[in-house]
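See below for the structure under consideration.
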Amino acid sequence: MIGAICCCFFILGQAADAAPPPGAPRAVPATPGAPNRATGTAADLLDTMGADWLVHLARHYGHLAGAGDARTRALQALALMQAASDVQPAAPAPYLWQYDLLNRLGRPVEALAALQRYVELKPDEETVWLHFLALRIDALQTAEARVAFLQEQLSQPRLPKAVASDLHRRLAAHYRERNDLAKAGKHVENALRLMPSNVEARRLAYELFGETEPTLQRVELALQLIRASPSQVYLLWELGEVLDSLSLHREAQEWYLRAIEVHERNAKTPVVAEYWFKLAQSYAYSSDLKAAMEAVDKALAADPMFARASVLKSYIAQRAGAKDADAPLNALADRFNAEVDEVIKSRNIAKAVELAWFYAYHRPDKTRALQLAELATSVPLPGSLAERAMGFALLMDNKPAEALARLRPLADVDQMAAVGVARALIQMHKEAEAIPVLHRAALLNASGVAYDEIVRMLERLGEKPPARPTHDKIVQTLQRCDRRVFDFHKRPGDFLKLTLRFLDDSLPAAGPWRVAIRIENVGPFPITLGEGKMAEPLVVLSARLGDDPQNRFDYYMQTLLNSREMLIPGDAVEKIEAVDVGAVRRRALECVDQPLSVELSAMFDPVYSESGYDRGMSSVLATPIRATRPAVATDPGSLQMLIAKSAGPGVADQVAAVDTLGALIVTAVARGQQSPLNADALGRIRRELNARLTDAAWLVRAHAIDALNNEKQGKEVLAAVANAVRDSHPVVRMAAIRFFVTQQGEKFRRVLESVAESDESPAVRLLAKCYLTPKTDG
């Protein structure tokens, strides 16, 4: 998946209100400086509300572009997330954000500890667990320590299948590196038994079985890899090459063409000449000469200097009976003739190899072939083509024994080298020895230039060429492949459905606006999610507030639906997000006295470029959803009811009322002289918020301070909030710190310094330090 488990904090928010799964541990060791937590349902509800609010608050600040330097904002957000963990240690989301923030602040050890805590609290989120395992293993210094950790993890009871599969896959890779193929194979089998969709395990099995198992197994595994990642050009191309090597050319051409189609649809660069050449060669060997000529012309258009393509074009033309079949070869000979002297003078080894083979086989010239082959083989460990060119040059020089010494080591894997061996033996009048060499070589590949020559030589020697293998089982395996998966990237909306749903029909005046974001597999085959798979599970959201074009916020927020690596048909991933963050929240609070229509839209798996987000191969759009945030009435009677509600009973109702009073202050400040509230009404609101500074519930006190911080305050309010700097609850103290940093700036510095050194809560100390200087991270 996914390399990333969490989007960049200052772009995206993470669901704050996801409850721990059944069975998740609730008893957590106390954090030094954390508030004393009461027991009971009411206290737990208060703590959960507080943790949710702190996460939402941190996300909101993180989305405010230009609100201070990025490091200060990151530290502020980290302090809020740590406070959220202190008040509700069983809430998973704050730990995930702590991991993200600590990682980006260069504190990987603390980040890993936070991620481990998240995994402990949310063991059903397999993608994050897998990411944690990868980081934990990378942190270990020796192979022995890593193996011990993997084996220890495997011994844990009730491991999720995906996690156990990954552990087996990693052990398989370890044993393969040490050439213990038996243990490696056993662990790969266990990995795939537990999780057949484990792409990395399948890739490893592909490599292992490519060395120890028949070709059929390689093809089956290749198809499984392709089903998981049908847009991976290299997987499609490699399967084509495997089939081509078996002389299953028409079968190979399907996969070559699919690879080219995906490349052309998705890449910004043209198809490389080598791809067109391989396709042209395959067409030529299957006698589809018209298609072969079209493909080779494309190869030469992509690279006019592509010598092998010119040779192939002559070969195709000869087989088609064209009158000017030698023209490409003649033009290539003219070019090479002009290059020979410079190649020898400059000792261009790579070019010498190419020219040596050309003059040794395609346009025989003994002198030039020997000169160039001597240069090509003058380096230590020359390549097989250089050795083959020297062997054929020696044959022209009537030195079959020397040619045999060069070519025989290559003959078991190189058909053309085997042709040279047979020629040398025949020159030496050893036809009986040449015959088995040719028979063995014929089995390497049942088509192509070398194979055709082998057949002719065997026939001249009175031998019948071996029957061409049909590879029936491989063909049947290919026929069973469900090709519908290749339609996914053409019409992703036919297979994935992205939906949005407001949790509240009437949106709360001051938020949060919670939305369910859901991606569902509505297709007939599994869909893999993650990096390099069928789709990246990233969603970007856009909002429109009212009808004013100025209030459109395109792609203002991201979220990851990455808790699963694969969705089977009918399966879905859903996340609850608070979407009123950043500029969207700020704008919405500026007009709470008016009804506000809210439209939300989203795109799944977008692509990003310099011009912004756009649709990609796997992108799916959600049908926009709409809701209304009702106006907050500002007449005296309604305002009195709101003030009464802020005094209780019920903490949730109190908090909602206090937040609404704060939103009315934001509206009044934004509207200035057109404010819907007169001085008397604003005075009543301030007095009520002042009264809430001594409320019995710490969460109400903290919200009241935040509400008062929406405007510049006078001495009376400053004096009232000053007591909160020494409040018994750390979250209230943090709210007071934010208040005075906004209200007093540098005048508050001495208090900040004291708090940063002496407060008992690490979260409070960190918040104070982050305001002292952007470079201080505590």
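The values are calculated or read from the model by the stated rules, or taken from the named source; none is laboratory data. What you are looking at is a predicted structure, and each value in this text was computed from that prediction instead of being measured. When we count neighbours, we look across all protein chains shown, and the Cβ atoms used for this are built from the backbone with ideal geometry, even at glycine. Surface accessibility is based on the protein's heavy atoms, side chains included, excluding ligands, DNA and RNA. Shrake-Rupley method; radii C 1.70, N 1.55, O 1.52, S 1.80 Å.
Return a yes/no flag: does segment 703-722 have any residue that is surrounded by 17 or more Cβ atoms within 10 Å (Cβ to Cβ), of a type in the set (A, V, I, L, M, F, W, C), over 22 Å from V669 (Cα atoms) and out of contact with any Leu (no Cβ under 8 Å at 6 or more places or on another chain).
no
Mind telling me which of the residues E354, E339 ends up being modelled with pLDDT of 95 or more, among the charged types (D, E, K, R) and surrounded by fewer than 19 Cβ atoms within 10 Å (Cβ to Cβ)?
After ruling out the rest, the residue left standing is E339.
Among the residues of segment 603-615 satisfying the criterion of being in contact (Cβ under 8 Å) with a residue 60 or more places away in the chain and not aromatic (F, W, Y), which is nearest to R501 (Cα to Cα)?
Among them, the one singled out is M603.
Can you give me the ranges of the helices (runs of 4 or more DSSP H) entirely in segment 67-159 with at least 1 residues that are farther than 29 Å from K183 by Cα?
Correct list: 70-87, 93-104, 108-121.
Taking A74, is it in contact with a Lys or Arg (Cβ under 9 Å, 6 or more places away or on another chain), under 29 Å from V732 (Cα atoms) and open to solvent by less than 30 Å² (accessible area, probe 1.4 Å)?
Yes, satisfied.
Which residues, taken from segment 145-154, are over 17 Å from E120 (Cβ atoms) and either open to solvent by 60 Å² or more (accessible area, probe 1.4 Å) or modelled with pLDDT under 90 (or both)?
Once the filter is applied, which keeps residues that are over 17 Å from E120 (Cβ atoms) and either open to solvent by 60 Å² or more (accessible area, probe 1.4 Å) or modelled with pLDDT under 90 (or both), segment 145-154 yields R146, Q151.
List every residue pair whose Cβ atoms lie under 6 Å apart, where the two residues are 6 or more positions apart in sequence or sit on different chains, the first residue falls within segment 584-597 and is without any contact (Cβ under 8 Å) to a residue 24 or more places away in the chain, and the second residue, located anywhere, is assigned to a helix (DSSP H, G or I) and of a type in the set (K, R).
Here the result reads none, with nothing in segment 584-597 linked to a residue that is assigned to a helix (DSSP H, G or I) and of a type in the set (K, R).
Within segment 590-597, is even one residue open to solvent by 40 Å² or more (accessible area, probe 1.4 Å), part of a strand (DSSP E or B) and polar (S, T, N, Q)?
The answer is yes, given that some residue of segment 590-597 is open to solvent by 40 Å² or more (accessible area, probe 1.4 Å), part of a strand (DSSP E or B) and polar (S, T, N, Q).
What pairs come up if the first residue lies in segment 693-716 and is over 17 Å from A663 (Cα atoms), the second is in a helix (DSSP H, G or I) and of a type in the set (S, T, Y), and their beta carbons are under 8 Å apart, counting only those six or more places apart or on different chains?
Hits for this filter: zero, empty list.
For segment 437-477, how many residues meet the condition of being crowded, with 19+ Cβ neighbours inside 10 Å, hydrophobic (A, V, I, L, M, F, W, C) and either more than 23 Å from R319 (Cβ to Cβ) or touching a Ser or Thr at 6+ places or on another chain (Cβ under 8 Å) (or both)?
3
Of everything in segment 118-144, what is farther than 17 Å from L561 by Cα and either open to solvent by less than 40 Å² (accessible area, probe 1.4 Å) or touching a His at 6+ places or on another chain (Cβ under 9 Å) (or both)? Give them in sequence order.
Within segment 118-144, L121, F132, L133, A134, I137, L140, A143 meet the criteria.
Can you tell me which residue is nearest to P624 (Cα to Cα) among those in segment 510-569 that are out of contact with any Cys (no Cβ under 9 Å at 6 or more places or on another chain) and of a type in the set (S, T, Y)?
S542
Taking segment 166-200 as the region of interest, how many residues are part of a loop (DSSP other than H, G, I, E, B) and surrounded by fewer than 17 Cβ atoms within 10 Å (Cβ to Cβ)?
Total satisfying the criteria: 4.
When you go through (1) open to solvent by 10 Å² or more (accessible area, probe 1.4 Å); (2) modelled with pLDDT of 95 or more; (3) under 13 Å from V539 (Cα atoms); (4) not polar (S, T, N, Q) one by one for V607, which number turns out not to apply?
Status for V607: all satisfied but (2).
Might you let me know whether segment 203-221 holds any residue that is within 19 Å of H489 (Cβ to Cβ) and out of contact with any Ser or Thr (no Cβ under 6 Å at 6 or more places or on another chain)?
No; the residues of segment 203-221 include none that is within 19 Å of H489 (Cβ to Cβ) and out of contact with any Ser or Thr (no Cβ under 6 Å at 6 or more places or on another chain).
Suppose we filter segment 678-691 for residues that are open to solvent by 30 Å² or more (accessible area, probe 1.4 Å) and either touching a residue at least 40 places away in the same chain (Cβ under 8 Å) or within 21 Å of A763 (Cβ to Cβ) (or both); how many remain?
2
Kindly indicate whether any position in segment 361-383 is aromatic (F, W, Y), open to solvent by less than 20 Å² (accessible area, probe 1.4 Å) and touching a helix residue (DSSP H, G or I) at 6+ places or on another chain (Cβ under 8 Å).
Taking every residue of segment 361-383 in turn, none turns out to be aromatic (F, W, Y), open to solvent by less than 20 Å² (accessible area, probe 1.4 Å) and touching a helix residue (DSSP H, G or I) at 6+ places or on another chain (Cβ under 8 Å).
Here is a list of conditions, (1) under 20 Å from P270 (Cβ atoms); (2) open to solvent by 20 Å² or more (accessible area, probe 1.4 Å); (3) among the hydrophobic types (A, V, I, L, M, F, W, C), and A295 meets all of them except one; can you say which number that is?
(2) is the only condition that A295 fails.
Do the conditions hold for V658, that is, is it closer than 27 Å to L78 by Cβ, buried (at least 22 other Cβ atoms within 10 Å of the Cβ) and not basic (K, R)?
Against the criterion (closer than 27 Å to L78 by Cβ, buried (at least 22 other Cβ atoms within 10 Å of the Cβ) and not basic (K, R)), V658 qualifies.
So which residues in segment 525-550 are closer than 29 Å to T127 by Cα, open to solvent by 10 Å² or more (accessible area, probe 1.4 Å), outside any strand (DSSP E or B) and not aromatic (F, W, Y)?
P526, E531, G532, K533, E536
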